[in-house]
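First comes the structure, then the notes that go with it.
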Amino acid sequence: MNQKTLFYILIAFIVFFIVTQLVTTLTQKPPFEIAYYRSKMEYDYTGQATFTATAGLFFKDKSKQQQYINQYQQASASTFKSYFDDVSKKVGRQIDVISMNSTVTERSGILEVLEIARLSNAALVQDGLVDTSLKDISIYSVNDSQITVVIPQDAQIITVEPTPTKVVSNEIYWQPSQASMAFPKVVFKKGE
């Protein structure tokens, strides 16, 4: 066998190995089911916001749950910052993570993950209008999901997209019925 043939066989083997690994990774399900998800985004007039996300994860295998907790505690802050670095590139403005805290607790067999982050430049502020949209970013949801946007008590709402499930005072709620929902676009200004 000459070197050229050996080289092609080696390349074919490497390509086969990479494709096999990629297919395995993409078809592998996470070791948990999301039982519920709550996201609350509280904005002020400067464009800063506090995002609070609560997810309930159900693990069939308790050893996988412990493994998840260990990995999550090591990488949660850096993963969160990296996510908003990517979002910043997509929306064309720098969104900075001022602070991020997370806790993981177990309740009735459900692992509850709570993340609270303070972000600067989370909303676009122009000519006194605050716009919470993040262009074409979507929020992925499960059957029991609730998304809430909270604006200042004295704010006047200009527009809300998509159509909310309900509005109570300065809180706007969505309960998505599909697997994803466009990130809420709430445009508001200081009330008179």
query = Just checking, how many residues over region 157-180 are open to solvent by 50 Å² or more (accessible area, probe 1.4 Å) and assigned to a loop (DSSP other than H, G, I, E, B)?
reply = 7
inquiry  = Test of understanding: among Gln73, Gln94, Gln65, which residue is more than 15 Å from the chain's Cα centre (by Cα), open to solvent by less than 40 Å² (accessible area, probe 1.4 Å) and of a type outside the set (D, E, K, R)?
reply    = Gln65
message = Quick test of your reading of the structure: Phe183 fulfils all but one of (1) open to solvent by 30 Å² or more (accessible area, probe 1.4 Å); (2) among the hydrophobic types (A, V, I, L, M, F, W, C); (3) touching a residue at least 12 places away in the same chain (Cβ under 8 Å). Name the failing condition by number.
response = (1)
key: So Gly109, is it farther than 19 Å from Thr50 by Cα and open to solvent by less than 30 Å² (accessible area, probe 1.4 Å)   = yes
inquiry  = over 19 Å from the mean Cα position of the chain (by Cα), under 24 Å from Phe59 (Cα atoms) and of a type outside the set (Phe, Trp, Tyr): is that true of Ile147 in this structure?
reply    = no
task = Exactly one condition in (1) under 15 Å from the mean Cα position of the chain (by Cα); (2) on the phi < 0 side of the Ramachandran plot; (3) open to solvent by 70 Å² or more (accessible area, probe 1.4 Å) is not met by Lys135; state its number.
result = (2)
query = Which pairs do you get when a residue that is among the small types (Gly, Ala, Ser), found in region 91-115, comes within reach of a residue that is outside any strand (DSSP E or B), reach meaning Cβ atoms under 7 angstrom, with the pair 6+ apart or on two chains?
reply = Ser102/Ser76
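The values are calculated or read from the model by the stated rules, or taken from the named source; none is laboratory data. Note that the coordinates shown come from a computational prediction; the quantities given were computed from them, not determined experimentally. Here the Cβ is made from the backbone with ideal geometry for all residues, glycine too, and neighbour counts use every protein chain on show. Accessible surface areas use protein heavy atoms only, side chains included; no ligands, DNA or RNA. Shrake-Rupley method; radii C 1.70, N 1.55, O 1.52, S 1.80 Å.
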